[in-house]
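> Before I ask anything, let me first share the structure, which is written out below as structure tokens.
Coordinate-derived values only; no laboratory data. Small disclaimer: the values here were computed from a predicted structure and weren't measured. Ideal geometry is used to build each Cβ from the backbone, glycine not excepted, and the neighbour counts take in all protein chains shown.
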Amino acid sequence: MKPRTKLQKTVSELSNKLSEITNAHKRWATEHLFAHEAYKCKNELWCSDCGGAWIDTNNSELGAIILGDSTECPYCHHKLKVKVSRKKKSTDEVYMSILQVVGGFQVIRHVLCCKCAYKKTAYTTISSHIRYSFFETVQEWITADGKRTVMAKPMNMGGNGWIYSSPLSIKDEYGSNGYYHYGDIYAIYGYLYSKVELISELKKRGISRKFPDVNPSRLICSLLKGDNDAELCLKTGQMSMLKHMFKEGYYQLRYKPSFNICNRNHYIIKDASMWNDYVGLLLYFHKDVRNAHYVCPKDLKTEHDLLVNKKRDIETRQRREQERMEKIRHEKERKENIARFYKKMEKFFGLKITDGSITIRPLESVTQFYQEGKAMHHCVYTNEYYKLSDSLILSARIGEKRIETIEVSLKTFEIVQSRGTCNKNTEYHERIISLVKKNIGLIRKKMAS
Ligand SMILES: [Zn+2]
């Protein structure tokens with residue numbers, strides 16, 4: 001994107017004049033950002049810092065190299081951490097973020113640092129066994145009032161990799177091509193270069209030489225835009241709370257009055273997420289969250305766990321009580337159903353329709369509905385047919401064997417359905433239907449009685 005506004009033009013010009021990443025930066029990165037390791041396979045080791053390989057001669061009782069131990073490379077004399085690995089190549093990528101002051105702007109330069117190490121063997125012919133490359137991918141230019149202008153390399157179509165060969169150019173806040181729907185890809189959280197330059201406004205807002213372990217872009221913009229909570233944390237040394245706020249992404253104190261009590265009592269919160277939980281618990285128990293006695297516990301974990309257990313006990317008790325009430329309600333309902341069923345169906349009890357082999361009788365209790373449903377694998381019980389006030393349910397049997405279950409409407413005196421096992425029709429279906437139809441007068445008579 002071409003610079004359009006006055007601010008963008010200024011940033012673009014300053015950026016073009018800005019010197020490249022220096023050798024000092026690069027040296028610092030190679031020392032501090034990458035793991036210094038020796039890869040051990042059997043008794044051979046090689047160095048991730050120079051590629052040199054050697055045989056571990058300490059393989060005797062005198063003491064072999066213990067894994068996780070340190071050893072020294074006999075070639076480059078770097079202290080190395082020993083790791084078991086068969087790999088012959090090691091690659092790593094990390095970001096270094098450099099804080100600089102340029103033309104009144106607070107600048108954050110993000111540099112992708114890549115390291116590739118190859119093991120030296122008798123056969124390798126490559127000239128260099130360790131290669132470092134550095135790509136400055138993003139510059140954030142932030143004004144004293146927190147307005148950010150981004151210069152960055154373009155990204156490939158997928159939005160997941162930089163196009164290294166292209167120069168930095170002005171980007172709008174949300175990615176010039178609109179690929180990035182969420183997050184802020186330019187606010188990279190890299191390792192902070194040790195020498196930190198800050199504009200005076202940031203110092204006034206509480207950042208000292210030791211930059212806190214928080215995403216620098218977010219902290220800087222937030223402070224310069226006048227975020228009092230972040231400033232308060234910085235000035236009172238509540239670093240755990242600061243970190244927690246920024247990790248959560250709320251950038252605000254959840255329980256500010258309680259937090260202020262802590263500060264008044266010079267109480268440093270060491271575990272912010274646990275403290276937040278704890279204050280939440282205090283509120284649950286209606287404790288005074290403006291009282292130092294509660295909000296500044298000597299042993300946060302113990303007090304926290306105490307309340308967690310107490311709350312859990314209460315909730316268990318509440319759940320048990322709920323279950324008990326539910327059971328009572330259920331039992332009451334069951335009894336009512338039975339009573340209602342008797343009252344409604346009593347007049348049909350003793351009804352018997354038969355053609356000599358098939359006998360049809362009403363189901364005369366809720367228990368019988370249950371047995372019928374279970375034996376026939378259908379839903380006469382599950383769907384609570386015993387509750388229907390306008391249906392008479394009958395069971396057709398030959399001897400003891402259940403054949404079909406029949407529903408007769410007490411409004412129309414028609415057969416609503418007649419079903420066998422698993423809702424299928426049986427070979428007796430037509431016979432059963434006609435038998436009921438023939439005797440529908442009996443049902444009518446019982447109904448009228
Ligand atoms: Zn070495």
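> What nm value, rounded to one decimal, do you get for the distance between Asp277 and Thr412 when each label is placed 7 Å out toward the C-beta?
6.2 nm
> List the trypsin sites (Lys or Arg not before Pro) within region 128-167 that fall in a DSSP loop (any state other than H, G, I, E or B) and whose Cβ has at most 16 other Cβ atoms within 10 Å. Could the numbers behind the result be given before it?
Details: sites: Arg131, Lys147, Arg148; in loops: Lys147.
Those that pass, being in a loop and sparsely packed, are Lys147.
> Also, quick follow-up: When the Cα centres of region 184-221 and region 13-50 are compared, how far apart do they sit, in Å?
What the calculation gives is 22 Å, centre to centre.
> Phe349 to Gln318: FRET efficiency via 1/(1 + (r/R0)^6), r the Cβ-Cβ distance, R0 45 Å, to the nearest 0.05?
Values: r = 44 Å, r/R0 = 0.99.
With R0 = 45 Å, the Cβ-Cβ based efficiency is 0.50.
> Oh, and also: With charges set only on the Cβ (+1 for Lys and Arg, -1 for Asp and Glu), what does the dipole of region 313-391 come to about its Cα centre, in debye to the nearest 20?
I would put it at about 220 debye.
> May I pose another question? Based on alpha-carbon centroids, what's the gap between region 127-152 and region 282-347 in Å, whole number please?
Between the Cα centres of region 127-152 and region 282-347 lies a distance of 56 Å.
> Something else: Counting other C-beta atoms within 10 Å, which of Phe246, Phe349, Phe259 has the fewest, and how do the rest follow? If you can, show how the numbers build up before the last one.
Values: Phe246 20, Phe349 12, Phe259 24.
By the 10 Å Cβ count, ascending, the order reads Phe349, Phe246, Phe259.
> Give the aspartates and glutamates whose C-alpha is closer than 14 Å to that of Lys343, dropping any in the same chain fewer than 8 places away, or say none.
Correct list for Lys343: Glu364, Asp390.
> Work out how much length Asn423 to Ile338 would gain on full extension: take 0.36 nm times their residue separation and subtract the Cα-Cα distance, in nm to one decimal. Intermediate results must be reported in sequence, preceding the final value.
Details: separation 85, 0.36 × 85 = 30.60 nm, distance 2.53 nm.
Contour length minus Cα-Cα distance gives 28.1 nm.
> Where Lys and Arg each count +1 and Asp and Glu each count -1, what net charge lies around His110 among other residues with Cβ under 11 Å from its Cβ?
Net local charge, His110 excluded: 0.
> Once you've got the Cα coordinates, tell me which of Lys335/Lys387; Lys424/Lys446; Lys89/Lys153 are over 20 Å apart. Don't skip to the answer; put the middle values down first.
Values: Lys335/Lys387 12 Å; Lys424/Lys446 29 Å; Lys89/Lys153 28 Å.
Beyond 20 Å between Cα atoms: Lys424/Lys446; Lys89/Lys153.
> Here's something else I'd like to know. Based only on other Cβ atoms within 10 Å, what is the fewest-to-most ordering of Thr30, Thr71?
Working: Thr30 16, Thr71 19.
Going from sparsest to densest Cβ surroundings: Thr30, Thr71.
> Now for a different question. Listed here are the pairs Lys210/Lys270; Lys26/Lys171; Lys83/Lys119; Lys42/Lys87; which of them are more than 22 Å apart at the Cα? Mind dumping the intermediate values first?
On the way: Lys210/Lys270 18 Å; Lys26/Lys171 26 Å; Lys83/Lys119 14 Å; Lys42/Lys87 12 Å.
Check vs 22 Å cut-off fails for Lys26/Lys171.
> Test of understanding: what is the full-extension gain from Tyr189 to Ile433, defined as 0.36 nm times their sequence separation minus their Cα-Cα distance? Intermediate results must be reported in sequence, preceding the final value.
Values: separation 244, 0.36 × 244 = 87.84 nm, distance 7.87 nm.
Stretched out fully, the Tyr189 to Ile433 stretch lengthens by 80.0 nm.
> Further question on the same structure: If packing is taken as the average number of other Cβ atoms within 10 Å across a peptide's residues, how do 228-238, 413-423 rank, most packed first?
Details: 228-238: 19.0, 413-423: 14.7.
Descending mean neighbour count gives 228-238, 413-423.
> Determine which residues of region 325-358 fall in the zone a paramagnetic label at Lys445 would reach in this model, i.e. backbone nitrogen under 20 Å from the point 7 Å along Cα→Cβ.
345-358
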